[in-house]
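Structure first, then comments.
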Amino acid sequence: MALRSIETLGDVRGKKVLVRSDFNVPLQDGTITDDGRIRAALPTLTSLVEAGAKVVILAHLGRPKGHVKPEFSLAPVAKRLGELIDTKVTLAKDTVGEDARRVVASLEEGHIALLENVRFDKRETSKDEAEREQLANEYAALADCFVSDGFGVVHRKQASVYDVAKILPSAAGKLVVKEIESLRRVTDNPERPYGVVLGGSKVSDKLGVIANLLEKADFLLIGGGMAYTFLAAQGHSVGSSLLENDQVNTVKEYMKTAGEKGVELLLPIDTVVAPEFKADAPATVVDSDKIPDDHMGLDIGPKTAKLFSNKIAAAKTVAWNGPMGVFEMEAFAKGTAAVAKALSESSCFSVIGGGDSAAAVRQLGYDESSFGHISTGGGASLELLEGIVLPGIDVLED
C-alpha cells in the first residue's frame, strides 16, 4: 500500500484545496507557547500557495465538545501562521457557515482561509457515521480536493480527517508522508540494534505498544511513572510513587516474555525521589529497590541515565515515547534531558513520539535537526508503534 501524495492531485492552480492541519497548540492567556505544529505544517501550505492554489484550512484547538467557546478560537493560530508564511491568511468566523462560505468564495490564488475550530460543531467527532458524513459533505462543498496533513488526528474517524477524504480527490500532505515514512522505518524493518525508550505516567497507556515491541525491538528502556509498576512487579516497594496495581500481573508477563524472546528490558536502577509532588520538594537519589515508604519517584537517577545513554549510543535505530520524569520541574528533568542528549549526539536514526517527548525536547533547548524525526502526533505515533491501522491513513492509500 502506498500513500497518495500531493503530486497525485495534479495542477492545483486556481483550485480550492481543503487542508486538514493540526494546529492544536498550547496556549497561555491567549498566547501560543509552542508553535511547533504550525511550523510543521508550513512545507505543505507553502507548496500549495506557490502552486497557486486557494488554500482552505480545517483545524481544531482544545476540546470545546461541540460548543462555540471563544477560548478555543483559532484566532491566535491565524495570527501566528500569518507571521510565518508569506501570504495573506484570513480567519472565517465559523467553520461551514455563512462566513466560511463568503471567505472561501473571495479567496485569491496563493492565499489562505483558516476556518474556525472544527470541534465547535459536534458532528466533527460524532460516533454517528451519518452525522459525520453530513458535515463532511459541507466541507467538501467548499473545495475541489483534500489534503490530509494533520498527523495528530489521523488515528481518529472524524469528519475532517476520514469522511471528507472519501468524498473529494484526496492525498497526504508532506508532513503526513514524512511522519509515516519515519515511523515505518522504526517499525517495519529497523536497522539493528533497535531500541525503544518508553516513559510517561501510565503503563496502561502503552500496553499494546509494549506487546507489539516485544516482537520487534532488541531492547526496551522503561522510565517515567510507568517504571514503578515494573519495579513493583519485581517485588520492590515503590513508596508513594505512581503505581497501577491492576497492571502488575500484566507487567510480570511482559517481563517473562522479554526474557523468553531475548529482548533486553532495562528498568531504573536508581531513582530521584521526593516526599511530595512539588517543584521545590527536597530531592534525593536512592537505589530503585530502596525507595522510602513516604517518598515518591519523580525521575530516573544518574546511574540509570548513564545506563540508558550508553544503550542509546550503541543502537542504530531508536524510538522514544514519553519523558523519564516530571521534566516540567527542573529538579526532575535530568533523566529526560539525558535521553534527549544521548539521542541528539547519536548517529542512530531516532524518532521522538509526539506529545510530552516533543515538548520536552523543545523546552530543554535541543536542536530539532539533531534528531531523525520529531513526531507531531502523540496518540497517532503510539498507535503506529502498536501496529494499529490508522483510519485517516488507510483512506489515503492505494
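One table, with the values for the structure above:
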quantity	calculated
Given (1) part of a loop (DSSP other than H, G, I, E, B); (2) open to solvent by 70 Å² or more (accessible area, probe 1.4 Å), number of the condition LEU142 does not satisfy	(2)
Inter-residue pairs, beta-carbon under 9 Å, first farther than 16 Å from LEU221 by Cα and in the stretch 291-312, second among the aliphatic types (A, V, I, L, M) and part of a helix (DSSP H, G or I), 6+ apart	ILE291/LEU231; GLY297/ALA227; GLY297/LEU231; LEU298/ALA331
Listing of helices (runs of 4 or more DSSP H) fully contained in the stretch 296-391 that carry 3 or more residues being of a type outside the set (A, V, I, L, M), open to solvent by 60 Å² or more (accessible area, probe 1.4 Å) and closer than 24 Å to VAL263 by Cβ	302-313
Yes/no for VAL176 being crowded, with 20+ Cβ neighbours inside 10 Å, of a type outside the set (Gly, Ala, Ser), farther than 20 Å from GLY372 by Cβ and modelled with pLDDT of 95 or more	no
Selection within the stretch 1-38 - of a type in the set (Val, Ile, Thr) and either open to solvent by less than 30 Å² (accessible area, probe 1.4 Å) or assigned to a helix (DSSP H, G or I) (or both)	ILE6, THR8, VAL12, VAL17, VAL19, VAL25, ILE38
Residue in the stretch 39-58 that is over 26 Å from ARG362 (Cβ atoms), without any contact (Cβ under 8 Å) to a residue 24 or more places away in the chain and assigned to a loop (DSSP other than H, G, I, E, B) present	no
The stretch 71-101, subset within 22 Å of the chain's Cα centre (by Cα) and assigned to a loop (DSSP other than H, G, I, E, B), residue farthest from ALA59 (Cα to Cα)	SER73
Residue in the stretch 121-139 that is acidic (Asp, Glu), under 27 Å from ARG4 (Cα atoms) and in contact with a strand residue (DSSP E or B) (Cβ under 8 Å, 6 or more places away or on another chain) present	no
Filter result for SER5 (of a type in the set (Gly, Ala, Ser), modelled with pLDDT of 95 or more and more than 25 Å from GLU181 (Cβ to Cβ))	no
Those residues of the stretch 84-108 which are surrounded by fewer than 15 Cβ atoms within 10 Å (Cβ to Cβ) and in contact with a strand residue (DSSP E or B) (Cβ under 9 Å, 6 or more places away or on another chain), in sequence order	LYS88, SER106, GLU108
Tabulated pairs, the stretch 106-123, first closer than 22 Å to VAL12 by Cβ and small (Gly, Ala, Ser), second at pLDDT 95 or above and part of a helix (DSSP H, G or I), C-beta under 7 angstrom, 6+ apart or interchain	GLY110/VAL49; ALA113/VAL103; ALA113/VAL104
Test: ARG132 is open to solvent by 20 Å² or more (accessible area, probe 1.4 Å) and either of a type outside the set (S, T, N, Q) or in a helix (DSSP H, G or I) (or both)	no
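The values are calculated or read from the model by the stated rules, or taken from the named source; none is laboratory data. Just so you know, these numbers come straight off a predicted model, no measurement behind them. Glycine gets a Cβ as well: all are built from the backbone with ideal geometry, and neighbour counts include every protein chain shown. Accessible surface areas use protein heavy atoms only, side chains included; no ligands, DNA or RNA. Shrake-Rupley method; radii C 1.70, N 1.55, O 1.52, S 1.80 Å.
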